[in-house]
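Participant: For reference, the structure I am asking about is given below.
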Amino acid sequence: MNRTALRYACLGLLGLVIVVIDQMTKFWVMQTMRLHETIPIIPNLFSLTYIRNPGAAFGLLAGSSNAFRMVFFGVTSLFALGLLGTILIRLPERDWIGQLSIAGILGGAIGNLIDRVRFGEVIDFLDVYVEPYHWPAFNVADSAISIGVVCLIIHFAFERKETSVPATEMHPPSSL
């Protein structure tokens, strides 16, 4: 197996591991908890709370019709997966941080897409809060997407640009 194939196999494995962990944790929550049940893990900070989110991030579009949401999320998911795949292929081989970030985002996007296809909504259960102030519930796929996006932003913000040397500096004119 050549280096490029091995690299893509490893990135695919990372995405697959994220999908499997995401789906396994969601299955466990659905099998062991009742909808809207909360299990405190760290009082006043973190609980497992089983909810179903028919909308996008933070419940956006949750009030829209099922047909609209299915078409909207189907089209945007396919577009996003295609865009991420294109970015992944175009990243330089040595850009492993960018590649790992994209693989994590892809794994998370696929995990949530599976929920949308199966249930028409996403299973969320990680509930972070301070006293009465709750962050919207999320899941393993959302975590992988968020971590991947943050890593990409930081990576691209601090990426050193390769500067090309003008041809005249590489080969100074010869004196006659």
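A short reminder: the numbers here are calculations on the coordinates, not readings from a lab. All of these numbers come straight from a predicted model, not from anything done at the bench. Positions of Cβ are generated from backbone atoms using ideal geometry, with glycine treated the same way; all protein chains shown enter the neighbour counts.
Participant: List Cys151, Cys10 from most exposed to least, where exposure is judged by having the fewest other Cβ atoms within 10 Å.
Facilitator: Ascending number of Cβ neighbours within 10 Å: Cys10, Cys151.
Participant: What number comes out for the charge environment of Ser143, summing +1 per Lys or Arg and -1 per Asp or Glu over other residues with Cβ under 15 Å away?
Facilitator: My count for the surroundings of Ser143 gives -4.
Participant: Follow-up. How high is the FRET efficiency from Tyr8 to His36, r the C-beta distance, R0 41 Å, rounded to 0.05?
Facilitator: 0.50
Participant: Further question: Is region 82-166 rounded, prolate or oblate when judged by the Cα gyration tensor, a ≥ b ≥ c being the square roots of its eigenvalues, rounded requiring a/c under 1.5 and prolate requiring a/b larger than b/c?
Facilitator: It is oblate, given that a/c is not under 1.5 and a/b is not larger than b/c.
Participant: Right, something else. What residues qualify as long-range amide H neighbours of Phe46, i.e. H under 5 Å apart, gap of 5 or more or another chain, H built at 1.01 Å from N?
Facilitator: Ile41, Tyr129
Participant: Tell me, what is the FRET efficiency for Asp95 and Val20 to the nearest 0.05, using R0 = 25 angstrom and their Cβ-Cβ distance as r?
Facilitator: 0.45
Participant: While we're on this one: Let me know the Rg and Dmax you get for region 3-157 when you use only its Cα atoms, in Å.
Facilitator: Considering region 3-157 through its Cα atoms, Rg and Dmax are 16.5, 51 Å.
Participant: Could you sort the peptides 34-46, 74-86 by per-residue average Cβ neighbour count (10 Å cutoff), highest mean leading?
Facilitator: 74-86, 34-46
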